[in-house]
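No lab work stands behind these numbers, since they all come straight from the coordinates. All of these numbers come straight from a predicted model, not from anything done at the bench. As a convention, Cβ positions derive from the backbone with ideal geometry for all residues, glycine included, and neighbour counts pool all protein chains shown.
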Amino acid sequence: RVTVWNRTASRCAEAEAAFRKSGDTRHALYAKFGRLHRDVESGADRAVHDEVSRDLVNPAVAADPLLKIRALSLLGNIDLNIDTRAGIEDWQEVLAIATSISDAKWQNRARGELGLLAGVNGDLASAALALQQAIGKAESLGDVAGQLHFTIWLANGMAHNGRPDAALRLLDRVIALAEKSGH
């Protein structure tokens, strides 16, 4: 299975090595977090979770709100599958940091992910509303990746809850958007 993260993982690893060699810790960590997304997709959840948890106490990450958001979002994605309570905490922290630095894209992504977690915990109405709001906000912000991500989740939820025709219409729209935007 070839995914975006599989295709970019080798580039992230090369960038990480080059940044480390030049002493640029900040950009090396950005590249590392990109590379670790692929590792999560390949099933290394626990190892990545442990590594990113260690990175969160690294002074370079702790002092940089955007690096911390990247680390926490990676943990949040893992925790969505293994510990929803921890996932909620991860995304609440992302939301708090994004709010403190006025980053509308990450605020929206955190709210959407918290909606996903509501759905995983059985609150389908809150999940559907949060996802619809996240999709609309992502569109207004020009965050195509966020728009695609949340639309696919919403369609999956609809398909699993007796609305396959509506899910297919959403997926047709998301495919058109992905093609149009080069995703």
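With an a/c value of 1.5 or above and a/b not larger than b/c for the gyration tensor axes a ≥ b ≥ c computed over the alpha-carbon atoms, the stretch 1-107 is described as oblate.
If I fit a long axis through the Cα atoms of helix 65-82 and take the longest principal axis of the Cα atoms of the chain, what angle between them do I get, 0 to 90°, rounded to 10? The helix 65-82 is inclined about 60 degrees to the chain. Just check the stretch 94-183 against the gyration tensor rule for me: Cα atoms, a ≥ b ≥ c as the square roots of the eigenvalues, rounded for a/c under 1.5, and otherwise prolate or oblate depending on whether a/b exceeds b/c. Taking the square roots of the gyration eigenvalues as a ≥ b ≥ c, the stretch 94-183 is oblate.
Here the sum of -39500 (n - 2.57) over DSSP H runs of 4 or more residues, divided by the residues of the chain, equals -28500 deg cm²/dmol at 222 nm, to the nearest 500.
Is there a pair in 32/137; 68/105; 32/105 whose C-alpha atoms are over 26 Å apart, and which pairs would that be? Over 26 Å apart, Cα to Cα: 32/137. If you take every residue apart from residue 117 with its C-beta less than 14 Å away from the C-beta of residue 117, what net charge results, scoring Lys and Arg +1 and Asp and Glu -1? It works out to a net charge of -4.
Using the Karplus relation 6.51 cos²θ - 1.76 cosθ + 1.60 with θ = phi - 60°, the per-residue 3J(HN,Hα) values for the stretch 17-30 come to 4, 5, 5, 4, 4, 7, x, 8, 4, 4, 6, 4, 5, 4 Hz, with x marking Gly and Pro. Between the helical axis of 164-181 and the longest alpha-carbon principal axis of the chain there is an angle of about 40 degrees. Pairwise inverse Cα distances across the chain, averaged and inverted, put the Kirkwood hydrodynamic radius at 17.2 Å. For the chain, the longest principal axis of the Cα atoms and the long axis of helix 144-160 meet at an angle of about 50 degrees.
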